[in-house]
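Quick notes on the structure that follows.
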Amino acid sequence: MNPADDTQSVTQSERDEQAKEYTERGKELLLHEIKPIEAAAEFSRALQIAPNVIDAHMGMAQANFALGIFQVTSTAADYVLRLAPNTLNADIAQALLYCIAKEYPEALKSTEAAVAKEPGYVYAHALRGYIYRCMRQDYDASLAESRAARQSGGLDLRPLFPKIIYAEPLLSMPVPSAPRDSVNQFKPVATNGAMRTFRRQKVRVAFSIRGLPAGTISIIALMTFLFLIQTAQSGSFTSPTSGSLVNAGLLDGGLVMQGQIWRLVTSIFLSTDPISLLFSALSIYFIGSSVERIYGSVRFISVFLIAGIVGNVIYMFLPNPMGYGFIGAIAALAGIFGVLGGFLIFFRSHIGPALNGMLMQWVFWLILNAFFLISNPVSGIMALSGLAVGIILGIVLSPI
């Protein structure tokens with residue numbers, strides 16, 4: 001045997017053993033110490049050494065599902081389904097994907113299949129409890145959670161799943177009926193049935209909007225609303241008057257210095273025409289929704305506003321030979337783009353190689369947009385300032 005081949009074989013064996021140790025440590029952190037962030041880091045280290053470790057991908061899916069980072073959960077679950085179809089891990093991975101899609105009956109079927117394969121798998125019973133909670137079947141959920149607690153030695157595994165937001169709670173006590181011989185007999189059955197039907201509809205609506213990027217949608221709705229008001233004031237859908245733009249909140253350095261500081265914010269949400277509004281809305285939706293799912297609505301909106309305001313402040317000190325004011329979300333958009341880049345660059349080791357493709361896409365779009373911004377130095381400087389703010393905030397505010 002060639003000595004070099006033997007050395008490579010031993011080295012690979014050692015790497016596999018080290019990956020196995022990281023994976024087992026991740027399982028311990030996740031299922032026994034209930035620390036999904038630390039567990040995700042261990043699974044990530046295992047995947048960096050051996051990218052095809054099924055249990056590590058499964059752990060990444062479970063840990064990020066607990067953290068509410070559903071994009072990473074989906075990527076890791078897809079790896080499990082591709083590498084180990086028709087297995088226990090595949091059933092759990094499929095159940096997590098169904099949960100993300102809010103298809104809870106299908107998720108329950110996949111979880112039941114996992115329990116049938118291994119009745120003692122604690123996570124499967126805990127996941128059944130979570131799914132039953134989402135379906136508002138609290139009695140069945142309690143049974144599943146109790147079984148998971150017994151098999152795990154009394155641990156509360158509910159923190160391994162995202163927070164469930166219910167609609168108005170159902171009545172826990174039946175409405176007492178009037179005596180049979182009452183003259184004006186009260187019939188609670190019909191009333192109670194109608195009440196439950198109404199509340200079931202409310203629950204369905206609540207679950208249908210659960211997980212939507214509320215911050216992203218709110219920003220787009222505000223931009224659209226202000227554009228409609230601006231259009232009504234100017235009387236033109238494509239060529240707004242300068243007066244309507246000033247009234248709507250255009251960024252004018254002189255007016256800001258006179259005390260109208262609110263223009264640093266309002267100008268971010270304004271658009272000159274339907275095309276620019278559509279471009280801004282699509283950019284915010286496709287970039288912002290990903291950032292919001294990772295960072296949450298509050299931090300996402302904060303980054304959007306801070307980056308936009310910083311860009312507007314810098315604009316006030318830039319030479320503007322045309323003398324016009326400024327409107328638009330260039331710096332704010334660059335800010336949320338920078339947040340995503342900061343997360344992918346500085347926290348990639350905590351997530352694993354699954355995000356390498358996303359990082360390459362981010363660099364591609366960064367280079368592509370750079371060519372467009374070179375033609376307009378003012379917009380380019382504002383975009384660079386917003387990008388820098390976004391990268392910094394992406395590091396400071398990271399959930400990992």
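Values in this text are rule-based calculations from the coordinates and carry no lab data. This one's a predicted model, so the numbers in the text were calculated from it and none came from an experiment. Methodologically, a virtual Cβ is constructed for each residue, glycine included, from the backbone with ideal geometry; neighbour enumeration extends over all protein chains shown.
Residue separation times 0.36 nm, minus the C-alpha to C-alpha distance between D78 and F225: what's the value? Don't skip to the answer; put the middle values down first.
Numbers: separation 147, 0.36 × 147 = 52.92 nm, distance 3.91 nm.
Full extension from D78 to F225 adds 49.0 nm.
Here the label points at T272 and E112, each 7 Å from Cα along the C-beta direction, are separated by 6.0 nm in the simple model.
Rounded, prolate or oblate for region 12-160? Axes are the square roots of the Cα gyration tensor eigenvalues, ordered a ≥ b ≥ c, and the cut-off for rounded is a/c under 1.5.
On the way: a/c = 1.86, a/b = 1.52, b/c = 1.23.
Here region 12-160 falls in the prolate category.
Take the Cα of Q260, step 7 Å toward its Cβ, do the same at K102, and the gap between the two points is 4.1 nm. Restriction of the chymotrypsin sites (Phe, Trp or Tyr not before Pro) in region 223-289 to DSSP coil positions whose beta-carbon has at most 13 other beta-carbons within 10 angstrom yields F237, W262.
Can you give the net charge of the other residues whose Cβ lies under 13 Å from the Cβ of L88, counting K and R as +1 and D and E as -1?
Working: positive: K117; negative: D55, D91, E112, E118.
Taking every Cβ under 13 Å from that of L88, the sum is -3.
Please label the shape of region 219-324 as rounded, prolate or oblate, based on the square roots a ≥ b ≥ c of the eigenvalues of the alpha-carbon gyration tensor (a/c under 1.5 means rounded; beyond that, a/b larger than b/c means prolate, else oblate). It is oblate, given that a/c is not under 1.5 and a/b is not larger than b/c. With R₀ fixed at 30 Å, the C-beta to C-beta distance from S302 to W365 puts the FRET efficiency at about 0.85. Between I164 and A214, the simple spin-label model (points 7 angstrom out along Cα→Cβ) gives 1.9 nm.
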